[in-house]
Amino acid sequence: MEIRYDIEKNIIQVDSVEIDPQSLDKNFIGVCSNCNSDVSSLSYHAYEKGTIVAGKCSLCDTIFAIRYDTDWNWQGEEPITQFFDIKNCNDLKVLDGIDKKKLSTVFTPAETGAMYAKVRGEKYVRQYLYRARKKYADFEELFGININI
Ligand SMILES: [Zn+2]
């Protein structure tokens, strides 16, 4: 199970499926497995036959995904280590939707790599992204596609 979480919008993503929160109730839900401090809920999400609760430790800020069945029996938990924001997801969809030939017409492989790394939240070479950005207007003129990364 691959879980990502958007802290700002409280959207959880389980195996690439985004689940909006049902509730943003703040409740004490358990004890942090890292540091034994209180974990409080951030958001509740309906998942299959049950609920996933995103909870945050008050001391070490670790965020957990805790799974319950329909009777609120604990089914398991795991720390969430991957985060995303929706803007980046949309940028990735835009980028993935562009024909690679069109990209390579305007951008060098290094520039394209920097654009992908940026939207994926990975490390990228700023210089390459700056160079790519200077070409966005050209790209739009040629292909009518606006890139804003
Ligand atoms: Zn903790």
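The values are calculated or read from the model by the stated rules, or taken from the named source; none is laboratory data. Keep in mind the model is a prediction, meaning the values are calculated, not measured. Positions of Cβ are backbone-derived with ideal geometry, glycine not excepted, and every protein chain shown enters the neighbour counts.
Taken together, ASP38, ASP69, ASP99, ASP20 contain a single residue that is over 22 Å from the mean Cα position of the chain (by Cα), over 30 Å from TYR128 (Cβ atoms) and away from the ligand (no atom under 16 Å from the Cβ), which is ASP69.
Based on what the data block shows, is GLY76 at pLDDT below 95, more than 8 Å from the ligand (Cβ to nearest atom) and of a type in the set (Gly, Ala, Ser)? Considered against the rule, which asks whether it is at pLDDT below 95, more than 8 Å from the ligand (Cβ to nearest atom) and of a type in the set (Gly, Ala, Ser), GLY76 comes out as yes. Considering only residues in the range 1-16 that are touching a Phe, Trp or Tyr at 6+ places or on another chain (Cβ under 9 Å) and not in a loop (DSSP other than H, G, I, E, B), the one that is farthest from LYS49 (Cα to Cα) turns out to be ASP6.
Restricting SER16, SER23 to residues that are hydroxyl-bearing (Ser, Thr, Tyr), free of Cβ contacts under 8 Å to residues at least 60 places away in the same chain and over 29 Å from ALA114 (Cα atoms) narrows the list to SER23. Exactly one residue out of ASP138, ASP96 is within 30 Å of ALA46 (Cβ to Cβ) and acidic (Asp, Glu): that is ASP96.
Is it the case that the range 48-64 has a residue that's under 23 Å from the mean Cα position of the chain (by Cα), outside the structural domain of ALA132 (by TED's automatic domain parsing), away from the ligand (no atom under 16 Å from the Cβ) and exposed (fewer than 13 other Cβ atoms within 10 Å of the Cβ)? Scanning the range 48-64, I find at least one residue that is under 23 Å from the mean Cα position of the chain (by Cα), outside the structural domain of ALA132 (by TED's automatic domain parsing), away from the ligand (no atom under 16 Å from the Cβ) and exposed (fewer than 13 other Cβ atoms within 10 Å of the Cβ), so the answer is yes.
In the range 32-149, counting only helices (runs of 4 or more DSSP H) that sit wholly within it, the ones holding 1 or more residues that are among the hydrophobic types (A, V, I, L, M, F, W, C) and under 18 Å from PRO21 (Cβ atoms) span 86-97. Checked against (1) modelled with pLDDT of 95 or more; (2) in contact with a helix residue (DSSP H, G or I) (Cβ under 7 Å, 6 or more places away or on another chain), LYS9 meets all criteria but (1).
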